[in-house]
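Contents: one structure, followed by commentary.
Each value in this text was obtained by applying a stated rule to the coordinates, not by laboratory testing. What you see is a predicted model, and the numbers here were worked out from it, not measured in a lab. In this analysis, Cβ positions are derived from the backbone assuming ideal geometry, glycine residues included, and neighbour counts consider all displayed protein chains.
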Amino acid sequence: MPLDVLLLGVQGSGKGTQAKRLSAEYGLAHIATGDMLRAAMSEGTPLGQRVKPIYDAGELVPDDLMIELIRERLSRADTDAGFILDGFPRTMAQADALDSMLSEIDRPLTVVLELQVPDDVAIARLRKRAAGEGRSDDTPEAIAKRIALYNQETRPLVSHYRLAGNLVGIHGDRPENEVFSEIQQAVEQAKVASA
Ligand code: AMP
């Protein structure tokens with residue numbers, strides 16, 4: 001059985017860090033749509049050029065582009081043992097498309113983890129990262145936009161996956177190692193439940 005994990009959480013929740021650790025620990029393909037877009041922009045591909053203004057403003061890239069990107073990514077062999085989705089889906093249309101793609105290949109998500117942190121903590125972490133990493137979408141305006149879009153477009157997915165029955169909430173406003181061990185426990189339980 002593959003181990004397929006979806007990690008939800010506002011930007012600044014520590015999602016990327018936890019996804020990297022989880023992918024290393026369990027040998028899962030780490031599918032981070034933000035990283036894929038940043039790679040496309042730095043290579044200057046047609047996709048990269050198209051998304052750059054959207055990305056820089058902290059807006060969401062159109063669903064059809066993101067869905068095609070994921071469809072292609074999920075078809076690669078490195079996802080055979082499992083994957084971790086980090087940054088997709090972000091809208092209900094993306095979630096519906098993902099549900100259909102996964103049911104076509106008879107591969108339901110093993111577990112959906114929601115990393116919960118208050119908005120003010122997420123904003124403080126993003127501002128700190130802005131000073132360190134210099135991401136082009138870490139301006140105060142784009143940060144505010146991204147948090148607002150998360151609340152409007154992405155947070156409703158929590159109820160969607162809660163109804164589907166495989167959502168686990170993780171308290172993310174704690175030291176990284178504590179968060180990771182809670183994630184590991186949730187993943188281990190989900191593996192047993194899906195076996
Ligand atoms: P991230 O690295 O996950 O914080 O994503 C950075 C930016 O990439 C977002 O603010 C969006 O502009 C874009 N992006 C990444 N994933 C998606 C997605 N699934 N749907 C729409 N836009 C996305």
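A few remarks follow.
- Taking other C-beta atoms within 10 angstrom as a stand-in for reagent exposure, 160, 171 fall in the order 171, 160, fewest first.
- Placing pseudo-labels 7 Å out from each Cα toward the beta carbon at residue 185 and residue 148 gives an inter-label distance of 3.8 nm.
- Dipole magnitude of the chain about its Cα centre (Cβ charges: Lys, Arg +1; Asp, Glu -1), debye to nearest 20: 360
- Put simply, the convex hull of the Cα atoms in segment 76-195 casts, on average, a shadow of 8.8 nm².
- Segment 99-163: Cα Rg divided by the 2.2 N^0.38 Å rule of thumb: 1.45
- Packing-based exposure ordering (other Cβ within 10 Å, fewest first) of 179, 168, 5: 168, 179, 5
- Relative contact order of segment 1-51: 19 percent, from C-alpha pairs under 8 Å at least 6 residues apart in sequence.
- Three-way shape label, segment 1-50, alpha-carbon gyration tensor, a/c 1.5: prolate
- Percentage relative contact order, the chain, counting C-alpha pairs under 8 Å, at least six apart: 34
- Ranking of 111, 192 by count of other Cβ atoms within 10 Å, fewest first: 192, 111
- Fraction of C-alpha pairs exceeding 25 angstrom in segment 1-139: 27 percent, rounded to a whole number.
- A Förster distance of 22 Å, applied to the separation of the beta-carbon atoms of residue 178 and residue 26, puts the FRET efficiency at 0.70.
- Per-pair calculated FRET efficiency, R0 = 22 Å: residue 99 and residue 77 via Cβ, rounded to 0.05: 0.45
- Extension gain for residue 63-residue 192 works out to 43.1 nm (0.36 nm per residue, less the C-alpha to C-alpha distance).
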